[in-house]
Amino acid sequence: MTMTANKTAPTRLFKTVTVDGITKGDFHYITDEGLAEYKAKRTKFVGCVLTVTDEQRTVQVMSDVWDTEYTRTVTVWDAEQGCPRTMTTDTDLAYNSRNGERVSVWEVDATPEFAAAYNKWMLEVGIPQAAAQKANDTRRKQEASLNKQIDSILCPNPQRGQVWEVVKGRKFAKGTRGKLFWYGTNQWGESFGLATSDRKDEQGRNADAIFVASGNLAYVPTDEDNAKVALLEKEIAALDSYESRCCALFIEEGTEAFEPLSL
């Protein structure tokens, strides 16, 4: 969660009115209960509104009909929870308000006390939390990349000369190994041809050959493969300290970029 004070006046897409001044006629459709709830929420957060943001976007309202949607989102200081709270308070479509009189009772009115509480929370909680999440996301992406490299080594595409081992199935004993000399598909699916010895027949073909469904085999990594995997696993083991360093850096960057609210 990152928010900064606006240096320039924000664009306002809603006309601000008082709680007492708003009526059912100001909405395209609202029940008496809905209007009461709308007013009650605003009354609850009087003196607590820290920021107001109006946005518009194009939305599809029917299969071939598009319209402009307007929203007002506010951040308030929730004294009960002791933290800021962001919520969308108003939504309207251009079709419903062609005269442009979209109204809202929400406007910035936070007291200096609540603005100070927000600034303190951001520095002590908000920025560190956001930094920790960003650092964790960075770490997970790095870990996924390293694991993908390990998978590519331990589960490679078939190439002639590789050693594969039978790990399941009933036709050949588990643990049988052979060098791959052929791979392709037959009526049962993908199959590998393995030479279980170096013997050749009179025609120079593999004398001891078996054909096994690829799903019943596992690749046998070479010493070079194992060395590469060990290095990658070492990098993964170091990711905890990497994540901590990233978090510290992101906290520093977030703190420097944060502009305290001054209301």
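Bear in mind that the values in this text are calculations on the coordinates, not laboratory data. In this text the structure is predicted, and so the values were computed from the model without any measurement. Here Cβ is always computed from backbone atoms with ideal geometry, including for glycine, and neighbour counts include all displayed protein chains.
Could you tell me whether segment 19-78 comes out rounded, prolate or oblate from its Cα gyration tensor? Rule is a ≥ b ≥ c as square roots of the eigenvalues, rounded for a/c under 1.5, then prolate if a/b exceeds b/c, otherwise oblate. Since a/c reaches 1.5 but b/c is at least a/b, the shape of segment 19-78 is classed as oblate.
Only lysines eight or more places from residue 179 in sequence, or on another chain, were considered; those with a Cα closer than 26 Å are 148, 168, 171, 200, 228.
Working value for segment 30-179: equivalent-ellipsoid semi-axes of 56, 26, 14 Å, each the square root of 5 times a Cα gyration tensor eigenvalue, largest first.
For the peptides 135-146, 47-58, 229-240, what is the packing order when you average, over each peptide's residues, the other Cβ atoms within 10 Å and list the highest mean first?
On the way: 135-146: 14.2, 47-58: 16.1, 229-240: 12.6.
Taking the mean over residues of other Cβ atoms within 10 Å, the ranking is 47-58, 135-146, 229-240.
Run the paramagnetic zone check for residue 160: 7 angstrom along Cα to Cβ, then residues of segment 169-191 with backbone nitrogen under 20 Å. Once the point is set 7 Å along Cα→Cβ of residue 160, 178-186, 190-191 turn out to lie under 20 Å by backbone N, inside segment 169-191.
Taking label positions 7 Å along the Cα-Cβ direction at both residue 197 and residue 220, the computed distance is 1.5 nm, reported to one decimal.
Using C-alpha positions alone, give me the convex hull volume of the chain per residue in cubic angstrom.
Working: hull volume 69.1 nm³, N = 263.
Given the Cα convex hull of the chain, per-residue volume reads 263 Å³.
Computed from the alpha carbon positions, the gyration tensor of segment 124-239 leads to an equivalent ellipsoid with semi-axes of 43, 15, 11 Å, biggest first. Each stretch of four or more DSSP H residues adds -39500 (n - 2.57); spread over every residue of the chain, this sum gives -11000 deg cm²/dmol at 222 nm.
Throw me the Rg/Rh for segment 163-219, computed over C-alpha atoms with Kirkwood Rh, two decimals.
On the way: Rg = 11.1 Å, Rh = 11.4 Å.
Radius of gyration relative to Kirkwood radius: 0.97.
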